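For reference, the structure is listed below as structure tokens.
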2 protein chains.
Amino acid sequence: MYHPETTPAKAGAATVTPHETFRYHHVEQQILAMIESGRFAAGDRLPSLRSLCSSMGVSLATVNHAYMELERKGIIEARPRSGYFVRKPGVPLPLPVTEQSTPEIGEENRTNLIQMVLEAVGNKNLISFGCVTPDPALLPGKALARIMQDVTRLSTYDSLSYEVIQGNPELRRQIAWRGQELGLAVQSEDVLITVGTMEALHITLRALTHPGDSVVIQSPTYFCLVQLLENLGLRAIEVPSSPEHGISPAALHEAITKFDVAACILSPNFNNPDGSLMPDEAKREIVDMLARRGVPLVEDDVAGDVHFGPSRPTPLKSFDRKDNVTLCSSFSKTIAPGYRCGWMLPGKIMRKALEIKATTNVCCASPTQMVVAEFLRQGLYERHLKRLRVATERQMQTIQHHLATYFPEGTGVTRPKGGGFLWVSLPEKVDSVQLFKEAKSQGILISPGPIFTTRDQFRNYIRLSCCGVWHERMEHGLKVLGTLAGELA
Amino acid sequence: MYHPETTPAKAGAATVTPHETFRYHHVEQQILAMIESGRFAAGDRLPSLRSLCSSMGVSLATVNHAYMELERKGIIEARPRSGYFVRKPGVPLPLPVTEQSTPEIGEENRTNLIQMVLEAVGNKNLISFGCVTPDPALLPGKALARIMQDVTRLSTYDSLSYEVIQGNPELRRQIAWRGQELGLAVQSEDVLITVGTMEALHITLRALTHPGDSVVIQSPTYFCLVQLLENLGLRAIEVPSSPEHGISPAALHEAITKFDVAACILSPNFNNPDGSLMPDEAKREIVDMLARRGVPLVEDDVAGDVHFGPSRPTPLKSFDRKDNVTLCSSFSKTIAPGYRCGWMLPGKIMRKALEIKATTNVCCASPTQMVVAEFLRQGLYERHLKRLRVATERQMQTIQHHLATYFPEGTGVTRPKGGGFLWVSLPEKVDSVQLFKEAKSQGILISPGPIFTTRDQFRNYIRLSCCGVWHERMEHGLKVLGTLAGELA
């Protein structure tokens, strides 16, 4: 059976079976809900272990484990001979308000800012809420290392050689099978392997657009996408995204009517940064509308596999009957960012996409493709995802709790149903770029709102990554952030 | 000590020590030279083992080994109780004539042709003289597998995580050290890691040019570069390259005087496909000339490490005093194509290059970067290169010999001092595209001349890759190619 790495940060969970993990997590969530509902305020004594055991119908060990976890996260505290007490108030923050943006494109050194955020990619010395990179402790490192050993020993020659440009056939087969489970009519020959989702988006935009073209994006949107558009000389038409439902078909309709648009890029499932999830009805309407208008739809579905609800949200591509949607995704947020293993379903632009792939970098690295293919083939992915989803949701709840404790009044935060990041609105006066700089000088990384747009908006927003493993430095980081935000407010 | 893989194809060499390898190779070369000089014609009996032992001052085993190798390659044959005989005439072919091109740009479905050649990348069922991909048997597969195991086990977290955008620091340090040995004033912070040389060229051109710009290239040049220019909407200004000296400073001067040129891309060391090596004096003159004119110089030095002469040819960058040269290279032709480990020295365009890298694919795969870094750090690269150079030179000589045997009169072939490919001029009437198609239908892959240019030229040229390990199917392949060429002539 596969076990993820154990680290000092999650040592408390080291001896627990997977089944047990889910049980104490459930108990932990219920206690947290009681605190957040206001039933227990700061300083209140929590129910004894024994009384919770009987009321929840779980073992003493499970309740004990949940209490220890909450204590480790700084949410409750143990007092000798007295039991557990709520450490801090836990009134949840309101949702952020969807901002009305000014139509002017603000320059504001966005490129510089993005560069500063990106410089921290791979920097292990920062307390990072900046980049959406799963903590390696949550990734299946042991299984991957074992498979890598088999691959490089048993298929040495293949691991050294160029892969076919389209990508490892077994990996494409596995991706196609997963796609079929989501209702996509996809075969291995429809898949193109890319260096992460970013390359999939890069190839798609180069195939569909020319410099000077206009492209619809969600607002806010992933900052690397903003930078990609700039790099390719494309103009962004921003359609407002609400943290709850993403963009509305009506707003999109207005944009494509008003502007001559070469493509539309949407992230329907847990849009980065606002975490919005588009309802299926809106997905269908948007897919049909764009097909009728002949506007190609580019779907970024990189976060879709990390859902907290029971079922995997549907990709836009599932509603595509006219081969008008190019689906882009990767295993960077789930299996291993460093493997650079992305993929796309180019549909009718396959030929052009292959040409661009060949002249951008010929093909992807062979060993990492082979390992991911084998990881999927052995059926390890779903099992791994189950744990990753639980861990991400817990991390998000923990951060939300501490935001309520440490951040100034007037702060709002999203409640995403998946993904791995929170979109936080600070009191209006707070300049998030200023906050970003001051936090960085103290070794804490966040992503400031203005980099998620080409316009002058989201100045008081920040994005916080929640795909780490909780440790005490993080509470310190959030406390410092909250204090700084309070000073700037 | 490191030993490369042994395979059925090179089983004869399996029990030989490295020192011994070089000795019998030397004897083999001398016998081949005697045959090619005409001293021994087809059917002639070669000197006895004993007489060669004493005349060359080597052991009986060494001469025996050399004879067995030449027999395996179909150049000589053993007759029972009689000794070794020359199987085929071996008069070497003349050099190709540098063609005068017509200035019109021929369309001719070049893109389709390139696609057909590239489709074969990674296809193991063809007898491939098509792609310049070292045979995995010549690559340090065992050492890499061993290091990969250490890396994924001992540095699991690093191997899973994003690398910094610029690339693995240890790998950059190793590349900088190698650069310093070649006289470059380079530090690790000057290096950017890329997905092969192709990505380095892609990033450089995107940083230096805009669609519609003109770019000077050598003629003939690597076909993926031709396709890259087309993809980026750039116009190619072709300056003729001679198989001996590459392009001349005078011809380049004329081109940059006549046209408004945004950049100049040269491959001074074993230009693909003509294998030309630019003399140092011309290198210096060209670097100075372009710096004076303010035309950025892009150097593709991917083949420079595979030299047959005693010293590594100098990169153009060594003569660069004005930070006007961007050097692009990789380990794809030496360590492992499938590791997609390239690099560049962007110089003053570093910032822009990082921006493009971030929006093309964020960063390269971590495990492969870590393994190549460690391979270099352990000092295994130079030792490996020594063997690779010997093997490539031998393969080239063997192919040259068989060309002389099987190809029609009027065929010419280059004598490169490194690289791993031959540029073959066929009799004028031979349509190499036709030859390519007929050969492909028989499972043999070559690269037809017209894909190495944007003009209507090299119709009777083909490029043959020589970075394989000799096996009998190859002789069959060359025989079929020669017969087809004879029929088309």
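The values are calculated or read from the model by the stated rules, or taken from the named source; none is laboratory data. This is a predicted model, so every value here is computed, not measured. No Cβ is skipped: glycine too gets one built from the backbone with ideal geometry, and neighbour counts run over all protein chains shown. Please note that ligands, DNA and RNA were not included when accessible areas were found on the heavy atoms of the full protein model with its side chains. Shrake-Rupley method; radii C 1.70, N 1.55, O 1.52, S 1.80 Å.
Rundown of residues vs (1) within 30 Å of B:G141 (Cβ to Cβ); (2) β-branched (V, I, T); (3) out of contact with any Cys (no Cβ under 6 Å at 6 or more places or on another chain), yes/no style:
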{"site": "A:D320", "(1), (2), (3)": "no, no, yes"}
{"site": "A:F331", "(1), (2), (3)": "yes, no, no"}
{"site": "A:W343", "(1), (2), (3)": "yes, no, yes"}
{"site": "A:G347", "(1), (2), (3)": "no, no, yes"}
{"site": "A:K357", "(1), (2), (3)": "yes, no, yes"}
{"site": "A:V372", "(1), (2), (3)": "yes, yes, no"}
{"site": "A:Y381", "(1), (2), (3)": "yes, no, yes"}
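Of all residues in region B:122-141, which are aliphatic (A, V, I, L, M), facing chain A (nearest Cβ under 9 Å) and in a helix (DSSP H, G or I)? Correct list: B:A137 only. Could you tell me whether any residue of region B:114-121 is under 15 Å from B:Q369 (Cα atoms), surrounded by 18 or more Cβ atoms within 10 Å (Cβ to Cβ) and within 7 Å of chain A (Cβ to nearest Cβ)? Taking every residue of region B:114-121 in turn, none turns out to be under 15 Å from B:Q369 (Cα atoms), surrounded by 18 or more Cβ atoms within 10 Å (Cβ to Cβ) and within 7 Å of chain A (Cβ to nearest Cβ). Of all residues in region B:142-176, those that are of a type in the set (S, T, Y) and more than 9 Å from chain A (Cβ to nearest Cβ) total 1. All conditions in (1) under 20 Å from the mean Cα position of the chain (by Cα); (2) assigned to a loop (DSSP other than H, G, I, E, B) hold for B:I114, with the sole exception of (2).
Taking the listed residues A:P103, A:P92, the one that is in contact with a helix residue (DSSP H, G or I) (Cβ under 7 Å, 6 or more places away or on another chain) and at pLDDT below 85 is A:P92, with no other qualifying. Could you check, for region A:147-169, whether at least one of its residues is open to solvent by 20 Å² or more (accessible area, probe 1.4 Å), assigned to a helix (DSSP H, G or I) and closer than 20 Å to A:E199 by Cα? Scanning region A:147-169, I find at least one residue that is open to solvent by 20 Å² or more (accessible area, probe 1.4 Å), assigned to a helix (DSSP H, G or I) and closer than 20 Å to A:E199 by Cα, so the answer is yes. Of A:V216, A:V186, A:V226, all but one fail to be facing chain B (nearest Cβ under 10 Å) and on the phi < 0 side of the Ramachandran plot; the exception is A:V226. For the condition modelled with pLDDT of 95 or more and either open to solvent by 20 Å² or more (accessible area, probe 1.4 Å) or not assigned by TED's automatic domain parsing to the domain that holds A:E28 (or both), A:P450 does not qualify. Being without any contact (Cβ under 8 Å) to a residue 24 or more places away in the chain and closer than 30 Å to B:L232 by Cβ is a property that A:E382 lacks.
If the condition is being away from chain B (no Cβ under 14 Å) and surrounded by fewer than 24 Cβ atoms within 10 Å (Cβ to Cβ), then region A:326-366 contributes A:G347, A:K348. Among the residues that make up region B:22-34, is at least one of them modelled with pLDDT under 50, under 11 Å from B:T62 (Cβ atoms) and either among the β-branched types (V, I, T) or open to solvent by 30 Å² or more (accessible area, probe 1.4 Å) (or both)? No; the residues of region B:22-34 include none that is modelled with pLDDT under 50, under 11 Å from B:T62 (Cβ atoms) and either among the β-branched types (V, I, T) or open to solvent by 30 Å² or more (accessible area, probe 1.4 Å) (or both). Among residues of region A:68-85 that are in the same structural domain as A:L46 (by TED's automatic domain parsing) and in contact (Cβ under 8 Å) with a residue 60 or more places away in the chain, those with a Cβ under 8 angstrom from a residue that is part of a loop (DSSP other than H, G, I, E, B) and not hydroxyl-bearing (S, T, Y), sequence gap 6+ or separate chain, pair up as A:R72/A:W470; A:K73/A:W470; A:G74/A:R87; A:G74/A:K88; A:I75/A:R87; A:I75/A:K88; A:I75/A:G90. The test for being in the same structural domain as A:N324 (by TED's automatic domain parsing), buried (at least 24 other Cβ atoms within 10 Å of the Cβ) and not β-branched (V, I, T) holds for A:G275. Looking at A:S318, A:S311, just one residue is open to solvent by 10 Å² or more (accessible area, probe 1.4 Å), assigned to a loop (DSSP other than H, G, I, E, B), out of contact with any Asp or Glu (no Cβ under 7 Å at 6 or more places or on another chain) and within 26 Å of A:G183 (Cβ to Cβ), and that residue is A:S311. Can you tell me which of B:E281, B:E244, B:E254, B:E285 is open to solvent by 10 Å² or more (accessible area, probe 1.4 Å) and modelled with pLDDT under 95? Result of the check over B:E281, B:E244, B:E254, B:E285: B:E244. Is it the case, given these coordinates, that A:D305 is away from chain B (no Cβ under 11 Å), under 15 Å from the mean Cα position of the chain (by Cα) and in contact (Cβ under 8 Å) with a residue 24 or more places away in the chain? So A:D305 passes the test. Residue-level analysis places A:I193 among those that are in contact with a Gly (Cβ under 7 Å, 6 or more places away or on another chain) and more than 9 Å from every other protein chain (Cβ to nearest Cβ).
Scanning region B:122-146 for residues that are free of Cβ contacts under 8 Å to residues at least 60 places away in the same chain and open to solvent by less than 40 Å² (accessible area, probe 1.4 Å) yields B:G122, B:A145. Scanning region B:457-489 for residues that are closer than 21 Å to B:G420 by Cβ and either not assigned by TED's automatic domain parsing to the domain that holds B:T133 or not in a helix (DSSP H, G or I) (or both) gives B:F458, B:Y461, B:I462, B:R463, B:L464, B:S465, B:C466, B:C467, B:G468, B:V469, B:W470, B:H471.
Please tell me if B:V430 is more than 30 Å from B:M68 (Cβ to Cβ), open to solvent by less than 10 Å² (accessible area, probe 1.4 Å) and of a type in the set (A, V, I, L, M). Answer is yes for this residue. Filter region B:367-380 for residues that are surrounded by 20 or more Cβ atoms within 10 Å (Cβ to Cβ) and not β-branched (V, I, T) and give the result. Across region B:367-380, the qualifying residues are B:P367, B:Q369, B:M370, B:A373, B:E374, B:F375, B:L376.
When B:D260 is tested against (1) over 17 Å from B:F452 (Cβ atoms); (2) within 14 Å of chain A (Cβ to nearest Cβ); (3) surrounded by fewer than 18 Cβ atoms within 10 Å (Cβ to Cβ), only condition (2) is not met.
Within region A:277-308, being assigned to a loop (DSSP other than H, G, I, E, B) and closer than 23 Å to A:R394 by Cβ holds for A:V302, A:A303, A:G304, A:D305, A:V306, A:F308.
In the set (1) within 13 Å of chain A (Cβ to nearest Cβ); (2) over 22 Å from A:V195 (Cβ atoms), B:A207 fails one condition alone, (2). Would you mind telling me which numbered condition in (1) touching a residue at least 40 places away in the same chain (Cβ under 8 Å); (2) away from every other protein chain (no Cβ under 14 Å); (3) open to solvent by 10 Å² or more (accessible area, probe 1.4 Å) B:S441 fails? Here B:S441 meets the rest and fails (1).
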